[in-house]
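*Asks:* Once you've had a glance at the structure underneath, I'll fire off some questions.
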Amino acid sequence: MANLFKSFFVFCVTFYVVCAKHEVYDGHSLYEIVVKNEEQSNFVNGLENDLPIDVFVYANTGRNGQILVPKDQKANFETLLASKDVEYSIKVENIREQLEIEDKILAQMAARTSNRSSVVGLDFDNIHRFQVVDDYLVQLANAYPNLVTVASAGKSFEGRDMKYLKISTTNFQDTRKPVVFLMSLLHAREWVTLPATLFAIEKLVLDVTEADLVNDIDWIIMPIANPDGYEWTHTNFRFWRKNRRNGLMVGNFCMGVDLNRNFDIFWGTASSNSVCSDTFHGHGPFSEPETANIRDVLNEHSGRIEIFMDLHSFGSMILYGYANGVLPPNALTINLVGVNMAQAIDRVKWPNKPNYIVGNVFHVLYAASGGSSDYAQAIGIPLSYTYELPAFSGAGQTLNGFLVDPAFIRQAGFETWEGIKAGARFVRDSLSMRKNMLR
Ligand code: ZN
């Protein structure tokens, strides 16, 4: 994003009294873009390098783009689109109104929930803040010492603990079991991914209805992989994506590194070297404490992790590497398991949602480098995926994209769990088959 936009933003942060919540987004419009050919899509997707716009969905010939454009850039943006004959429409005139609706309905639902007499665990009517989740993980470990261990992967840039749970009936000692690694919120604004990891925790600890998943498998679950960015989306800047590293460049107030471009895998080859960009890759691979912390947990257990799932939003997709378009040697298996997971979700999804798309990230979406799931794949984890959970939008719904309607929170957790289970059971069965063959 360009400096002009950031300076207004910094002004609002510094003198927040005069800037009501979400004022930074006042008059921002969400555009839907239809491209007819590759030339148009390259043109549209390249505009983020020149204008302070926020690309929610990259346009290609099979998928309409979604781009958030500040009020003072709209005329310029529209002129540029017209110059290349690109079709567009305004999906949301003023995104600030949607942000206020999201606040309101989440607050209403939270008030209703707090009136309930007994809530076991965390409810699925709200998107819980960092501290609530952090406390919850500790409480679970205290309450279920034979099943749950809480650990910290290390501190975030601003010093928050990156806690994760290890869930195991055998304290991770039985090496015949596969390890499943699950995480969410590496991208701060992708709120709908948090209920998915929390739902998994609920079904493995508090409300166990399928015991094989607990008995046969060891789990590592990190619900908030980008704690600082995540808190920032609650307090100041709902569409923040990166971490909160500052001091990146003297005299430049742009902040943050895209953590999903900062892993040491093809680093810097398909990401931005501009500190203001939403896909800024940082000053070097693993320059950020958050990615280094995740790397350490992955590496510690890499010999036993059979499947890695990093939950993002939005788009209803299950994607695999490599993001430069080169397929891993076991790509057919990766694709097959991806399809199984997608079908498991599709069976229980809401009818107004699209079916999941499964494929290589480069071929389905775009080239990218430094991603978590590519790193996990490259260090030898056999199955590694990025989930893109669905956007909440449907008949009569006003909220779009990253915004979350409380009506969808439990469903997001429930349906994603169906996919996760399918993947987990596959690795359990295939590992036991491999071990039997070795006997
Ligand atoms: Zn993401």
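Just so you know, all these numbers are worked out from the coordinates, no wet-lab data involved. Predicted model, so just to flag it, every value in this text is computed and none were measured. All Cβ positions, even for glycine, are placed from backbone atoms using ideal geometry, and neighbour counts span all protein chains on display.
*Asks:* Pop a pseudo-label 7 angstrom from the Cα along the beta-carbon direction at both Val339 and Asn436 and give the gap in nm to one decimal.
*Replies:* The modelled label-to-label distance comes out at 2.4 nm.
*Asks:* Step through the table entries Lys71/Lys104; Lys163/Lys203; Lys177/Lys203; Lys155/Lys177; Lys74/Lys353; Lys166/Lys435, compare each Cα-Cα distance with 21 Å, and write down the pairs that go over it.
*Replies:* Check vs 21 Å cut-off fails for Lys71/Lys104; Lys155/Lys177; Lys74/Lys353; Lys166/Lys435.
*Asks:* A further question follows. Using the Karplus curve 6.51 cos²θ - 1.76 cosθ + 1.60 with θ = phi - 60°, work out ³J(HN,Hα) for each residue of the range 307-316 in order, rounded to whole Hz, and write x for Gly and Pro.
*Replies:* 8, 10, 10, 10, 8, 10, 8, 9, x, 6
*Asks:* In nm, give the distance between the simple-model label positions of Ile101 and Leu332, each being 7 Å from the Cα along the Cα-to-Cβ direction.
*Replies:* If labels sit at Ile101 and Leu332, their model points lie 4.8 nm apart.
*Asks:* Which of the peptides 243-251, 201-209, 424-432 is most tightly packed, and how do the rest follow, judged by the mean count of other Cβ atoms within 10 Å per residue?
*Replies:* So the peptides 243-251, 201-209, 424-432, ranked by packing, come out 424-432, 201-209, 243-251.
*Asks:* Would you kindly derive the ³J(HN,Hα) couplings of the range 28-40 from the backbone phi angles with the Karplus curve 6.51 cos²θ - 1.76 cosθ + 1.60 (θ = phi - 60°), listing them in order in whole Hz, with x for Gly and Pro?
*Replies:* 5, 10, 9, 9, 9, 10, 10, 10, 9, 8, 5, 4, 5
*Asks:* Separate question: So, counting K/R as plus one and D/E as minus one, what does the shell of residues with Cβ under 15 Å around Leu198 add up to?
*Replies:* -4
*Asks:* For the chain, what does -39500 (n - 2.57) per DSSP helix run (n ≥ 4), summed and divided by total residues, give at 222 nm, in deg cm²/dmol to the nearest 500?
*Replies:* One gets -11500 deg cm²/dmol as the mean residue ellipticity at 222 nm.
*Asks:* Now for a different question. Length gain on complete extension for the stretch Asn171 to Phe253, per 0.36 nm per residue less the alpha carbon to alpha carbon distance?
*Replies:* 25.0 nm
*Asks:* Right, something else. Report the calculated FRET efficiency for Ser83 and Ala407 (r = Cβ-Cβ distance, R0 = 45 Å), to the nearest 0.05.
*Replies:* Using R0 = 45 Å, I get an efficiency of 0.65.
*Asks:* Still on this structure: Ranked from highest to lowest mean number of other Cβ atoms within 10 Å per residue, what is the order of the peptides 344-351, 378-385? Each step should come with its number before you reach the end.
*Replies:* On the way: 344-351: 15.8, 378-385: 20.9.
Sorting 344-351, 378-385 by mean packing, highest first, produces 378-385, 344-351.
*Asks:* Restricting to DSSP loop positions (anything but H, G, I, E, B) with no more than 15 other Cβ atoms inside 10 Å of their own Cβ, which GluC sites (Glu not before Pro) remain in the range 289-372?
*Replies:* none
*Asks:* Moving on to the next point. Considering amide H positions built from the backbone, and no H for Pro or chain starts, which residues 5 or more places from Ser313, or on another chain, come under 5 Å of its amide H?
*Replies:* Placed amide hydrogens put Leu389 under 5 Å from Ser313.
*Asks:* Mind checking the full-extension length gain between Asn146 and Glu38? Use 0.36 nm per residue of separation minus the Cα-Cα distance, one decimal, nm.
*Replies:* Stretched out fully, the Asn146 to Glu38 stretch lengthens by 33.3 nm.
*Asks:* Still on this model: Take every DSSP beta bridge with both residues inside the chain and express the antiparallel ones as a percent of the total, to the nearest 5.
*Replies:* The answer is about 55 percent antiparallel.
*Asks:* At a threshold of 8 angstrom on Cα-Cα distance, excluding pairs fewer than six apart, so keeping six or more, what relative contact order does the range 14-86 reach in percent?
*Replies:* So the answer I get is 35 percent.
*Asks:* Going by average Cβ density within 10 Å per residue, which order do the peptides 228-234, 75-81 take, highest to lowest?
*Replies:* Per-residue mean Cβ counts within 10 Å order the peptides as 228-234, 75-81.
*Asks:* Moving on. Using modelled amide H (1.01 Å from N, peptide plane; none on Pro or chain starts), what sits under 5 Å from the amide H of Tyr31, excluding residues fewer than 5 places away?
*Replies:* Here Ile67, Leu68, Val69, Lys91 satisfy the definition.
*Asks:* In nm, what is the difference between 0.36 nm times the number of residues separating His301 and Asp212 and their Cα-Cα distance?
*Replies:* Working: separation 89, 0.36 × 89 = 32.04 nm, distance 2.13 nm.
My answer for the length gained is 29.9 nm.
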